[in-house]
1. Placing +1 on the Cβ of each Lys and Arg and -1 on the Cβ of each Asp and Glu in the chain, which of Q68, G31, C16 has its Cα farthest towards the positive end of the resulting dipole?
2. Of the listed peptides 46-56, 22-32, what is their order by residue-averaged count of other C-beta atoms within 10 Å, with the highest listed first?
3. For the full complex of protein chains and a 1.4 angstrom probe, list R45, R72, R77, R40 by accessible area with the highest value first.
4. Magnitude of the Cβ-charge dipole of segment 5-80, K/R +1 and D/E -1, about the Cα centre, nearest 20 debye?
5. Compute the Rg to Rh ratio over the chain from the alpha carbon atoms, using the Kirkwood formula for Rh, and round to two decimal places.
6. Convert each backbone phi in segment 32-48 into a coupling constant with the Karplus relation 6.51 cos²θ - 1.76 cosθ + 1.60 (shift: θ = phi - 60°), then list the ³J(HN,Hα) values in order as whole Hz, x for Gly and Pro.
7. Tally up the carbon and sulfur contribution to the accessible surface of the chain as a whole percent, 1.4 Å probe, everything protein left in place.
8. Express the accessible area of the chain per residue in Å², computed with a 1.4 Å probe while the remaining protein chains stay in the model.
Amino acid sequence: MAPQDKKPQPVTTLRCSRIKASIWKNEGMNGPFYNVTVARSYKDRDGVWKNSDSFGVTDLDALIVVAQQATRWIAERSDR
């Protein structure tokens with residue numbers, strides 16, 4: 001596979017329980033900036049791991065934790 005065909009990867013993924021926050025670095029006209037995607041991992045009926053962007057009430061505490069971790073991670077790198 002040629003380098004330009006390589007699928008972009010997050011710079012880091014933070015996890016708490018079944019919730020993960022992936023942080024993506026982008027380049028803009030004013031320099032680099034970060035975006036975050038959040039997902040919940042689960043196993044389907046066949047035992048295959050999948051991701052969802054839907055969260056239940058029992059997921060919200062973990063969602064808060066990864067959001068705070070992502071905020072801190074980005075802030076530490078944006079001050080450089």
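The values are calculated or read from the model by the stated rules, or taken from the named source; none is laboratory data. In this text, all values refer to a predicted model and were calculated from it rather than measured experimentally. Here the Cβ positions follow ideal geometry from the backbone for every residue, glycine too, while neighbour counts run over all protein chains shown. The accessibility values were calculated without ligands, DNA or RNA, using every heavy atom of the protein model including side chains. Shrake-Rupley method; radii C 1.70, N 1.55, O 1.52, S 1.80 Å.
1. C16
2. On the way: 46-56: 9.4, 22-32: 11.0.
Those peptides, ordered most packed to least, come out 22-32, 46-56.
3. On the way: R45 240, R72 130, R77 70, R40 40 Å².
Largest accessible area first, the residues go R45, R72, R77, R40.
4. Numbers: 13 positive and 9 negative charges, 41 e Å.
With Lys and Arg at +1 and Asp and Glu at -1, about 200 debye.
5. Working: Rg = 15.0 Å, Rh = 14.3 Å.
When Rh is taken as the Kirkwood radius, the ratio is 1.05.
6. For segment 32-48, the Karplus curve yields x, 8, 10, 10, 10, 10, 10, 9, 10, 8, 8, 9, 7, 4, 8, x, 8 Hz.
7. Numbers: 3150 of 6290 Å².
Ligands and nucleic acids excluded, carbon and sulfur reach 50 percent.
8. Dividing the accessible area of the chain by its residue count gives 79 Å².
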